[in-house]
Amino acid sequence: MSERKSSTEVVSWIFKNIKFIVIPGLKKKELSIRESEYNKTNGKRKRRSLVKSKITLISIIIIFIVISFAVFGTWLSPYTFEQANLIASYSSESFDAPSQDHPLGQTFLGYDVLARIIYGARSTLLISVSAVAISLIIGVLLGLIAAFYGGWLDTVLMRIMDIILAFPGIVLAIAIIAISAEKTLAPPDKSFTKLIIIFGLIGIPYFARLIRASAIQVRDLPYVSAAKLVGASNMRLIFRHILPNCIQPLIISFTHRIGGVIINLSILSFLGFGDPRLIEWGNDISASVYNMRNAPWALIYPSFMILITVLAFMLLGDGLRESLDPLLRNM
């Protein structure tokens, strides 16, 4: 009886679906609607993914160009570092329009805009990357210690971080520079190091709180408890089992923070708290702002470099976030 019923169902199914077998390309209406909806949604996802990947690629290219300016500036610049910073100061020319000798024009005291943009990439990137590296190292150590040991140590460390975070970064930087100002003008190398230390200290709470939040979630996982049971030391637990599983947000935040430091450095120089002897994009903007109508090239090009550099680091961070986070990658 069951065999007869099954054979009847097979024959019934064949007659019902014979048209789909005989006629190529024929589809059921309901399935066609579902397929079109799926293709539409999937197509939008692919287009968004393609656009985001292209934006990330463009940001990487921009960062590579800026790094090339910083590393190979001596070969890429039409003038030497001394000509871009010292010798030109004896020139009577100032804010001249672009010419064959100066493709992007001249800025205050006859400095070549192109040369200062190229050499400015070196100081801007060196200060920002070095400061963020200091913030990352110290902040990660403090955040891991606070999360792992907890108790009064966690409370004290986090309250100190909260006090630093209560002040805007640029205001705190201005206050530190004003307090540590010397009567005699310090050498450029000393002021360069001071800027790195200031921005490095200001960024510590940012990474400390970020790694603490991630480490608290990881420290109570079963594999960490298992490592404790087999006698692993605290240092091994922190740096071998907890830190590697918290490193993803640090990579993303590192690029974002570089862009933020570049902006703060430019603001600091624009307000007159930077060292005017440094070739830095913010200094060039500050010196050219009062000649914006007569010499817009002296203001536009350094501003454009700050814009695309910060934007490139921010977009790179977003691209890394989407590629490293499986939840965002599958959305």
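All of the numbers you see were taken from the coordinates with simple rules; none came from a lab. The structure presented is a predicted model; accordingly, all values stated were derived computationally and were not measured. We place every Cβ from the backbone using ideal geometry, glycine too, and count neighbours over all the protein chains shown.
Some values worked out for this structure:
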quantity	calculated
The stretch 76-155, dipole about Cα centre (Lys/Arg Cβ +1, Asp/Glu Cβ -1), debye to the nearest 20	260 debye
Cβ-defined net charge surrounding Val156, 15 Å radius [Lys, Arg +1; Asp, Glu -1]	+1
At most 11 other Cβ within 10 Å, DSSP loop - trypsin sites (Lys or Arg not before Pro), the stretch 256-326	Arg293
Extension reserve of the Ile67-Trp152 stretch, reckoned as 0.36 nm per residue once the Cα distance is removed	26.2 nm
FRET efficiency for Ala97 and Lys190, using Cβ-Cβ distance with R0 set to 35 Å, rounded to 0.05	0.45
The stretch 136-179-the stretch 199-278 distance, computed between alpha-carbon centres (Å)	11 Å
Size of charge dipole - the stretch 120-243 - debye, nearest 20, with Cβ of Lys, Arg +1 and Asp, Glu -1, no other charges	200 debye
√(5λ) per eigenvalue of the Cα gyration tensor, the stretch 154-306, largest first, Å	42, 18, 13
Cβ-Cβ FRET estimate between Thr8 and Gln217, R0 fixed at 56 Å, reported to 0.05	0.40
